[in-house]
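Everything below concerns the one structure shown next.
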Amino acid sequence: MVYGLWLSADGMLAEQYRQTVIANNLANVDTPGFKPDRVAFAERLSESTQGGSLGARHPVLDPSTGGLFGRPVYTDYSQGGLIPSSNPLDVAVLGDGFLTIRTPEGTRYTRDGRLTIDANGTLRHVASGGAVVDAQGQPLVLDPSAPDLTKIDENGRVSQRGRAVGELAVANFKDPQQLEKIGQNLYSGDELRVAKADSPVKQFVYEASGAEPTTALVDMISATRAYEMNASLIGMQDESLGRLINEVGRIG
């Protein structure tokens with residue numbers, strides 16, 4: 001394959017991949033507690049520079065790039081903004097912690113602190129319906145007739161009418177990048193849990209999405225323009241090859 005065509009095609013694939021990730025971030029700008037994904041690329045050296053045979057060396061092409069390597073997508077866990085709420089059950093975990101949720105599929109974790117009480121008094125995660133787990137690993141059960149009298153202090157201790165009910169299990173992870181997003185604003189990775197997080201809990205607020213729409217739109221425009229530029233270069237190179245074959249290579 002012509003080297004320039006290969007590089008331009010590689011650039012198009014890279015920008016298409018970046019657009020997909022950015023589009024997902026944009027789709028979740030209003031999802032509470034959402035953490036955006038980021039894309040990173042590494043430059044690939046030319047084949048001859050990486051250790052090709054001496055016969056493959058070329059004084060013009062050797063200093064050129066060999067394209068891009070797509071690195072694994074990583075999640076930006078930076079603290080999001082706080083949205084005020086009139087619901088006393090809504091909380092935000094400040095810092096690196098995650099609320100612990102029990103689902104039919106197993107233990108899951110979330111930064112989305114929108115909570116509610118079902119008819120039986122079980123404290124539940126609104127987005128998934130999973131039960132919120134206490135420090136002893138059991139679902140937190142409150143008095144369903146008195147949700148407005150619920151107090152949650154900065155240590156995650158829950159009380160109603162001045163009586164202690166339990167304590168939110170706020171989990172911490174040595175390497176959050178290994179957590180897996182599974183939908184419904186949940187993460188899996190129970191085997192990665194290392195300790196109770198030293199993360200304050202704030203009542204009457206919940207965390208906003210970490211996806212910033214203006215930045216995401218600018219990134220999307222940049223990726224689109226880069227994609228179009230590579231497509232244009234392919235067209236230019238194709239035209240040059242056509243002229244080379246039809247005009248320069250013509251036997252007169």
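Every read-out reported here was derived from the displayed coordinates using simple, explicitly stated rules and does not represent laboratory data. These numbers were taken from a predicted model, which means no experiment stands behind them. So basically every Cβ, Gly included, is an ideal-geometry build from the backbone, and we count neighbours across all protein chains shown.
In debye to the nearest 20, how big a dipole does the chain give about its Cα centre with +1 on each Lys and Arg Cβ and -1 on each Asp and Glu Cβ?
Details: 23 positive and 31 negative charges, 58 e Å.
Magnitude of the dipole: close to 280 debye.
Annotation: lysines with alpha-carbon distance below 18 angstrom to Lys174 (same-chain offsets under eight excluded): Lys35, Lys196. Under a 5 Å amide H cut-off, with hydrogens placed 1.01 Å from N, Gly130 pairs with His125 among residues at least 5 apart or on other chains. Between 0 and 90 degrees, rounded to the nearest ten: what's the tilt of helix 3-27 against the longest Cα principal axis of the chain? Long axis of 3-27 versus the principal axis of the chain: about 20 degrees.
Name the residue from Gly130, Ala216, Ser8 whose Cα lies farthest towards the positive end of the charge dipole of the chain, charges +1 on Cβ of Lys and Arg and -1 on Cβ of Asp and Glu. Among Gly130, Ala216, Ser8, the one farthest towards the positive end of the dipole of the chain is Gly130. Our coupling estimate for region 127-143, obtained by passing each phi through the Karplus curve with A = 6.51, B = -1.76, C = 1.60 and θ = phi - 60°, is 5, 10, x, x, 7, 6, 9, 8, 5, 8, x, 10, x, 6, 10, 10, 7 Hz, Gly and Pro reported as x. In region 82-207, a dipole from Cβ-located charges (positive for Lys and Arg, negative for Asp and Glu) runs towards its positive end, and of Tyr109, Ala146, Pro88 it is Ala146 whose Cα lies farthest in that direction.
Scan the chain and hand back the longest stretch that contains none of the GluC sites (Glu not before Pro) lying in DSSP loops with at most 16 other Cβ atoms within 10 Å.
Between exposed loop sites, the widest span is 155-252.
Over the chain, dividing the summed -39,500 (n - 2.57) contributions of all DSSP H runs of at least 4 residues by the number of residues returns a 222 nm mean residue ellipticity of -8000 deg cm²/dmol. Taking θ as phi - 60° and the Karplus parameters 6.51, -1.76 and 1.60, the scalar couplings of region 231-246 work out to 5, 5, 5, 4, x, 5, 5, 5, 5, 5, 5, x, 5, 4, 6, 8 Hz in sequence order, x denoting glycine and proline.
Rounded to a whole number of µm²/s, how large is the Stokes-Einstein D of the chain at 4 °C and 1.567 mPa s, given Rh as the Kirkwood radius over C-alpha pairs?
Values: Rh = 21.6 Å.
In µm²/s, the coefficient rounds to 60.
Can you list the HN-Hα couplings for region 145-159, worked out from phi with the Karplus curve (6.51, -1.76, 1.60; θ = phi - 60°), rounded to whole Hz and with x for Gly and Pro? Here the 3J(HN,Hα) series is 8, 9, x, 6, 9, 7, 10, 10, 8, 5, 8, x, 6, 10, 9 Hz. Charges were assigned to the Cβ only: +1 to each Lys and Arg, -1 to each Asp and Glu. The resulting dipole of region 82-207 about its Cα centre is roughly 160 debye. Modelled label positions at Met236 and Arg163, each set 7 Å beyond Cα in the direction of Cβ, lie 7.7 nm from each other.
With Cα atoms as the point set, the radius of gyration and Dmax of region 152-194 evaluate to 14.1, 40 Å.
About its Cα centre, the dipole of region 89-145 is roughly 120 debye, where the only charges are +1 on Lys and Arg Cβ and -1 on Asp and Glu Cβ.
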